[in-house]
Amino acid sequence: MGKMITIPLDEYQALKRAAEDLADLGAYDRATAAITRGDDELIPAEYAKRLIVGESPVRVWREFRGLTQTALFETSGVNRVQIADIEAGRKSGSVETIRKLADALGVAMDDLV
């Protein structure tokens, strides 16, 4: 067994809290840096909640970007009827279709599936 030391419980708990605080600060710094670099973005809680409850990610991101289905069609090249079907959950869309929509919306494919 390695070397050991004994410290009072309150000192141990204070060190543990300090380590957790340091980890939180690191996570904050990484998130802030990602936003600054443009690798990530903030979205309003209203849109995040819609995604969490299972609303169509294509619809949520399209509306967040301020696009109509027609404008998304013009940007992505994906047929407007197909966009409507994906948003309504009637169809899921091929990998290529999701890639086109993700590119047009400026999000990762994972954000749409």
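Values in this text are rule-based calculations from the coordinates and carry no lab data. Just so we're clear, the structure is a prediction, and the values are computed from it rather than from any experiment. Cβ: placed from backbone, ideal geometry, glycine included. Neighbour counts: every protein chain shown.
Magnitude of the charge dipole for segment 1-70, about its Cα centre and with charges confined to Cβ atoms of Lys, Arg (+1) and Asp, Glu (-1), is about 280 debye.
Normalised by the empirical 2.2 N^0.38 Å for globular proteins, what value does the Cα Rg of the chain take? Mind showing how you got there, number by number?
Working: Rg = 22.1 Å, N = 113, 2.2 N^0.38 = 13.3 Å.
Rg over 2.2 N^0.38 Å, computed on Cα atoms: 1.66.
Computed over the Cα atoms of segment 1-65, what is the ratio Rg over Rh, Rh following Kirkwood? Walk me through the numbers on the way to the answer.
Numbers: Rg = 20.5 Å, Rh = 15.7 Å.
That ratio is 1.30, to two decimals.
If you rank S94, S56, S76 by fewest surrounding Cβ atoms within 10 Å, what's the result? Kindly include the intermediate steps, with their values, before the conclusion.
On the way: S94 11, S56 17, S76 21.
The fewest-first ordering by Cβ neighbours comes to S94, S56, S76.
When the dipole is taken about the Cα centre of segment 45-112, and only Lys, Arg (+1) and Asp, Glu (-1) are charged at their Cβ, what size is it in debye, to the nearest 20?
Here segment 45-112 has a charge dipole of around 120 debye.
Looking at segment 24-78, the GluC sites (Glu not before Pro) that sit in a DSSP loop and have at most 10 other Cβ atoms within 10 Å of their own Cβ are E41. Listed by chain and number, the aspartates and glutamates whose C-alpha is less than 15 Å from the C-alpha of K91, apart from same-chain residues fewer than 8 away, are E55.
Helix screen, the chain: DSSP H segments with Cα axial length of 20 Å or more and mean Kyte-Doolittle hydropathy at least -0.5 are 9-37.
Using only the Cα atoms of segment 28-81, build the gyration tensor, take square roots of its eigenvalues as a ≥ b ≥ c, and label the shape rounded, prolate or oblate: rounded if a/c is under 1.5, else prolate if a/b is larger than b/c, else oblate. Here segment 28-81 falls in the oblate category.
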